[in-house]
Amino acid sequence: MSEARIARPGPAANKIRWRECPDADAMATAVAAVIGEAIELAIAARGVAAIALSGGRTPYPAYRRLAELPLEWDRVIVLPSDDRLVAPGHPLSNVTAMRPIFEPLGAHVEPLDDLEPAQPNVILDPRAAGRAADQRLRDRLPWPLDFVLLGVGTDGHTASIFPGEDYDAALDLQTEVRVLGVTPDPLPPEAPVARVSFSLAAIVAARTVAVAVIGKDKRAVIDQAIAQGANSQFPIGRVLAAVLTPVDLYWAPE
Ligand code: 6PG
């Protein structure tokens, strides 16, 4: 990142555009369209598109819909917004879930961490893994990212920005760090492992940020997070307050 963008946390509410969809299928179509549009704009402007996509379960119908779009996939770099520190092929690996959707199209799917399958039992130092990922991607990625899609947990986490010993580092808007290792505390039950994640500074630097969530519980968390603003108790609130560009929040009922 050429200079740390000073994101003065502003009144997040005036930057958020709720995009309410009648159902999950309509949301998948809408999210696929907005990612496809960002890809086309990036390729037209710079010849390449680098996009970071959230893991979890919610966004995969949108990714499958996106894969149906007639885009110049050989000019697209797809990364997870964050990943669990598990070996490739592990059921918790986000990049492993993304590869079969995008690689057959000719897109380049780039892992955040460079774990080798031969290392399945290596006890990793998440911070060291994050530093290695940050350096490796600094040499390989066009910057800033063109598009980031974020999911949100019912605890208000987003990407792998979680409360814990790495929380302040993940939220530091003055940092040059783009990717860091994170040990959530507590470990989230759905994926109780350490992670690597794009930092808030990396997300804020992206040309476009969007969020996709399903269900009234997550909607309520996000509404509360927006109302709390820059000091929100929820990571998603801190992110939405810091992002300088308008954020489309795609939502569908259960
Ligand atoms: C991850 C994601 C994470 C996810 C939320 C929501 O690696 O887990 O990047 O931030 O988006 O946990 O996940 P669901 O969509 O499965 O509820």
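Out of residues 5 or more away from residue 148 or on other chains, whose amide H comes under 5 Å of its own, with H placed 1.01 Å from N in the peptide plane?
Residues meeting the criterion, in which the H sits 1.01 Å from N, are 52, 208, 209, 210.
Would you compute the Debye intensity of the chain from its alpha-carbon atoms alone, equal scatterers and no solvent, and pass along log10 I(q)/I(0) at q = 0.08, 0.13, 0.14 Å⁻¹ to two decimals?
-0.27, -0.75, -0.89
Share of antiparallel DSSP beta bridges in the chain, in percent to the nearest 5?
Roughly 30 percent of the DSSP beta bridges within the chain come out antiparallel.
Residue by residue, what Karplus-based ³J(HN,Hα) values in Hz, rounded to whole numbers, does the range 139-150 have, using 6.51, -1.76 and 1.60 with θ = phi - 60° and x for Gly and Pro?
8, 10, 9, x, 9, x, 4, 8, 7, 10, 9, 10
Fewest to most neighbouring Cβ within 10 Å: what's the order for 248, 25?
25, 248
Which whole-Hz couplings ³J(HN,Hα) result when phi for each residue of the range 126-134 is put into the Karplus expression 6.51 cos²θ - 1.76 cosθ + 1.60, θ = phi - 60°, listed in order with x for Gly and Pro?
x, 5, 5, 4, x, 5, 5, 5, 4
Determine the relative contact order of the chain: mean sequence separation of Cα pairs under 8 Å and six or more apart, normalised by residue count, in whole percent.
Relative contact order comes out at 27 percent.
What net charge is computed for the residues neighbouring residue 41, neighbours being all others with C-beta under 13 Å from the C-beta of residue 41, Lys and Arg scored +1, Asp and Glu -1?
-1
Using a 10 Å cut-off around each Cβ, can you sort 167, 250, 63 from fewest to most neighbouring Cβ atoms?
By the 10 Å Cβ count, ascending: 167, 63, 250.
When a footprinting reagent is the concern and you count Cβ atoms within 10 Å, what order do 134, 172 take, fewest first?
Listing 134, 172 from fewest to most nearby Cβ atoms yields 172, 134.
³J(HN,Hα) across the range 95-101 via Karplus (A = 6.51, B = -1.76, C = 1.60, θ = phi - 60°), whole Hz, x for Gly/Pro?
These are the phi-based 3J(HN,Hα) values: 5, 4, 6, 7, 4, x, 7 Hz.
List every residue whose amide H lies under 5 Å from the amide H of residue 18, counting only residues 5 or more places away in sequence or on a different chain, with H placed 1.01 Å from N in the peptide plane.
Here the answer is 249, since their amide H atoms fall under 5 Å of that of residue 18.
Only helical DSSP H runs with n ≥ 4 go in: add -39500 (n - 2.57) per run for the chain, normalise by residue count and round the 222 nm mean residue ellipticity to 500 deg cm²/dmol.
-10000 deg cm²/dmol
Every number in this text was worked out from the coordinates using simple rules, so none of it is lab data. Since the structure is predicted, the reported quantities are computational estimates derived from the model, not experimental observations. Positions of Cβ are backbone-derived with ideal geometry, glycine not excepted, and every protein chain shown enters the neighbour counts.
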